[in-house]
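*Asks:* This is the structure I have questions about; it appears just below.
The values are calculated or read from the model by the stated rules, or taken from the named source; none is laboratory data. Model, not experiment: these values are computed from the prediction. These accessible areas exclude ligands, DNA and RNA; they are computed on the full protein's heavy atoms, side chains included. Shrake-Rupley method; radii C 1.70, N 1.55, O 1.52, S 1.80 Å.
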Amino acid sequence: MLAAISKTAFAMLAASPPLRRVASQYGMRRPESFARRFVAGETLDDAIASARTLEASGFQITLDLLGESVSTIEAAADATGAYVSMLGAIDAAGIGRNISVKLSQLGLDIDHATTVDNLRRILDPADRAGFFIRIDMEGSAYTGPTLDVFETVWTIGYRNVGVVLQSCLRRSEADARRVNAIGGRIRLVKGAYREPRSVAYQKKSEVDAAFVSLMQLLLTDGTFPAIATHDPAMLEATRAFARERGVGPDRFEFQMLYGVRRDLQAAVRRDGYGLRVYIPFGREWFPYFMRRLGERPANVGFVVRSLIAERA
Ligand code: FDA
């Protein structure tokens, strides 16, 4: 319940223009500025530098160019172009070939056909260069349309693409069975958006129970699933189930967010499991950053301390 209220409050604050102005003034300007805790920086060079550091410590990476909810064909084409040039820069930098993309950046608010066309503009060069493209999952209004786009490109024949399912949504078990049946790759998360009771579990205990049962379904029937969480109980449930069923660490991976529970990230690697770190970057970092605060309001403390230090 508290978690749901906090997600709502931070979603409302994310829509506040004055707060956005203060954040954009102070959030990124120095290496120690508060937004840099969760966002690698505003430029691709910043993200590549973070990726290199993480890879040197044995982590794998996925890069996410922040941005969402584009409403014109031109803006969707621009975002697509930015992703295509990102592929070239990643190739040149020699870091891991894995990116995450939100379909509302590519035109999901416009229509299915525009989104499929834009996604294919990314998938074609990505496929030639050996990239994997993960389609992030947004709020529940986008779940059906996002899975429709995924199934369309899968049917066309693309295999270098996967999706995300959220354990908070009541529909996710059916969706997981559908994606498993065609051999698609799923990243399992709890879900970062405030959702109504009609479509989503509201209690943490219910979201966690659904996470465990989806994890078991993916480890048993899925194709190289990604178990994406910082929750020690979910990590332990996954390791225990994998051990019990003889699912080796080569058949799935863990994923965590840049800057979140770095202690756990290191521990998972030390235990011999693959861990991919999701590295967000770009000028549109504010809504992403606010979702991270909404997940853990205690994070506000370090933002306030950092602001005081900036202004001193
Ligand atoms: P939970 O929220 O229960 O937190 C467990 C523990 O983790 C906390 O007690 C705390 O210690 C730590 N923690 C969690 N969040 C923290 C934070 N912000 N700061 C500090 N500590 C924190 N969601 C979505 O809707 N669509 C998507 O596409 C994705 N993609 C995605 C990729 C990857 C790689 C990850 C790890 C997560 C996502 N998410 C996501 C976000 C996800 O839905 C969820 O909101 C967060 O991962 C937080 O949930 P946990 O599973 O970590 O558990």
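*Asks:* In whole percent, how big is the carbon plus sulfur part of the accessible area of the chain, probe 1.4 Å, protein atoms only? Numbers along the way, then the final one.
*Replies:* Details: 7540 of 13670 Å².
Roughly 55 percent, rounded to a whole number.
*Asks:* Under 8 Å for C-alpha pairs, at least 6 residues apart: give me the relative contact order for the chain, rounded to a whole percent. Please report the intermediate quantities before stating the final value.
*Replies:* Working: 493 pairs, mean separation 81.9, N = 312.
Here the relative contact order equals 26 percent.
*Asks:* log10 I(q)/I(0), Debye, Cα-only region 40-284, no solvent, q = 0.09, 0.13 Å⁻¹?
*Replies:* Taking Cα atoms of region 40-284 as identical point scatterers yields -0.36, -0.79.
*Asks:* Then there is this: Given the options GLY274, GLY184, GLY301, which has the most mean-square fluctuation in a GNM of the chain, springs set between C-alpha atoms less than 10 angstrom apart?
*Replies:* The residue with the greatest mean-square fluctuation here is GLY301.
*Asks:* Please report how far the C-alpha centroid of region 262-302 lies from that of region 35-108, rounded to the nearest whole angstrom.
*Replies:* Centre-to-centre (Cα) distance: 15 Å.
*Asks:* How much length is gained if the chain between ALA15 and ALA92 is pulled fully straight, taking 0.36 nm per residue apart and subtracting their Cα-Cα distance, in nm to one decimal? Please list the in-between numbers first.
*Replies:* Numbers: separation 77, 0.36 × 77 = 27.72 nm, distance 3.69 nm.
That works out to 24.0 nm of additional length.
*Asks:* Less than 22 Å apart at the alpha-carbon level, and either on another chain or at least 8 residues along: which lysines does that give for LYS204?
*Replies:* List returned: LYS7, LYS190.
*Asks:* Go ahead and set up a Gaussian network model of the chain, Cα springs under 10 Å, then flag whichever of ASP78, ASP64, ASP263 fluctuates most.
*Replies:* Greatest mean-square fluctuation among the candidates belongs to ASP263.
*Asks:* How much accessible area per residue does the chain have, in Å², with a 1.4 Å probe? Intermediate values should be presented prior to the final figure.
*Replies:* Working: 13670 Å² over 312 residues.
Here the residues of the chain average 44 Å² of exposed surface.
*Asks:* Using modelled backbone amide H atoms (1.01 Å from N, in-plane), which distant-in-sequence or interchain residues come within less than 5 Å of ASN98's amide H?
*Replies:* The list, which skips near neighbours in sequence, is LEU63, PHE132.
*Asks:* Roughly how many Å² of THR115 are accessible to a 1.4 Å probe, to the nearest 10?
*Replies:* Rounded to the nearest 10, the figure is 0 Å².
*Asks:* Express in nm, to one decimal, how much length is gained between THR152 and SER198 on full extension, taking 0.36 nm for each residue of separation and deducting their alpha carbon distance.
*Replies:* 13.8 nm
*Asks:* Right, next: Taking 0.36 nm per intervening residue step and subtracting the Cα-Cα distance, what contour gain separates PHE241 from ALA49 on full extension?
*Replies:* Values: separation 192, 0.36 × 192 = 69.12 nm, distance 3.55 nm.
Working it through step by step, the gained length comes to 65.6 nm.
*Asks:* What's the Cα-based Rg to Rh of region 74-189, Rh via Kirkwood?
*Replies:* Values: Rg = 13.7 Å, Rh = 14.4 Å.
Reported Rg/Rh (Cα atoms, Kirkwood Rh): 0.96.
*Asks:* In addition: If the elastic network links every pair of Cα atoms under 10 Å, which of ILE133, ILE186, ILE73 fluctuates the most in the Gaussian network model of the chain?
*Replies:* Comparing ILE133, ILE186, ILE73 in a Gaussian network model of the chain, the most mobile one is ILE73.
*Asks:* What number, rounded to the nearest 500 deg cm²/dmol, is the helix-based mean residue ellipticity at 222 nm of the chain, given -39500 (n - 2.57) per DSSP H run of at least four residues and division by all its residues?
*Replies:* Working: 13 runs with 167 residues, N = 312.
The helix-only estimate for the chain comes to -17000 deg cm²/dmol at 222 nm.
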